[in-house]
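A quick write-up on the structure given underneath.
The values are calculated or read from the model by the stated rules, or taken from the named source; none is laboratory data. Given the structure is predicted, the values throughout are model-derived calculations rather than measurements. For neighbour counting, all protein chains shown are included, and Cβ atoms are generated from backbone atoms with ideal geometry for every residue, glycine included.
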C-alpha cells in the first residue's frame, strides 16, 4: 500500500467531482526501474478510488506498439486520458507535493476543461504550431506542483501543446542535458527555459518566443 487511509478518503472525496471517464495508462517494464514499482502501485491505488477511472499497465519493451502510440520512450511514465489523449505525461513517481497534481489532472481530464482564466484560454487559442513543454520538478519542492499544473492545463486546453512533467532526480541525464540546477525549471521546445514558478501568461509569452525560434519539437 502506497496511500494511507486518510489520503484515500481525501482523494475519494475529490473524485466526486469527476464527470467523464478517465484512463490512467502506466508504462513500466518486466525488470522494473528503481522507481517503476512505486509509480505503478501508486497509480493503481489512485485508479481504484473511483469507478470512473480505469488503469492499464504496459511494458515499455513488450508492448512496443502501445509505447509508440503514446510516444513513450522512458519510464516510469503515466498518461491521463479522457475523451481524448490530451498529451499530458508524468515521468516519475507523483509523490510528496506532486500527488495533488495527478489528482487535479484527473479531475480536469474528466471534465475536459480547466480553471484557467478566459483571457488565458483566448491567448492559448492563438497557438497553432506544435509546442513541447517539459517541466522539471522534485517531490520536495513546494512551488513545483503549481508549475506542473499550469503546464498540464495548457496542454488540456490546446491540442498543439504536449506537456511533460519530469522528476529530475529520476531522470538525471535529462536534467544535465537542459542544465537544470533548481526546480521548477521549464524547457519549451528544447531551447527556451523558464526558471521558477511563473503565471500562465508568462508561460504563453515564452511559448511565443520559442515558436519564433522556429524549433521543431518533433526532434526533442
(Q) Given the options 105, 118, name the one that is at pLDDT 95 or above, surrounded by fewer than 18 Cβ atoms within 10 Å (Cβ to Cβ) and farther than 14 Å from residue 167 by Cα. (A) 118
Q) All but one of (1) surrounded by fewer than 19 Cβ atoms within 10 Å (Cβ to Cβ); (2) within 26 Å of residue 6 (Cα to Cα) hold for residue 93; which doesn't? A) (1)
**Q.** In segment 66-103, the residues that are in contact with a helix residue (DSSP H, G or I) (Cβ under 7 Å, 6 or more places away or on another chain), part of a helix (DSSP H, G or I) and touching a residue at least 60 places away in the same chain (Cβ under 8 Å)
**A.** 98, 101, 103
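With 70, 86, 58 as the choices, which residue is buried (at least 21 other Cβ atoms within 10 Å of the Cβ) and closer than 24 Å to residue 131 by Cα?
Checking each option against the conditions leaves just 86.
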Q) So how many residues does segment 24-51 have that are under 20 Å from residue 83 (Cβ atoms) and surrounded by fewer than 16 Cβ atoms within 10 Å (Cβ to Cβ)? A) 1
Q.
Just to be sure I understand, how many residues within segment 168-200 are surrounded by fewer than 22 Cβ atoms within 10 Å (Cβ to Cβ) and in a loop (DSSP other than H, G, I, E, B)?
A. 13
(Q) Would you confirm whether or not segment 127-138 contains a residue that is surrounded by 22 or more Cβ atoms within 10 Å (Cβ to Cβ), outside the structural domain of residue 209 (by TED's automatic domain parsing) and in contact with a strand residue (DSSP E or B) (Cβ under 8 Å, 6 or more places away or on another chain)? (A) no
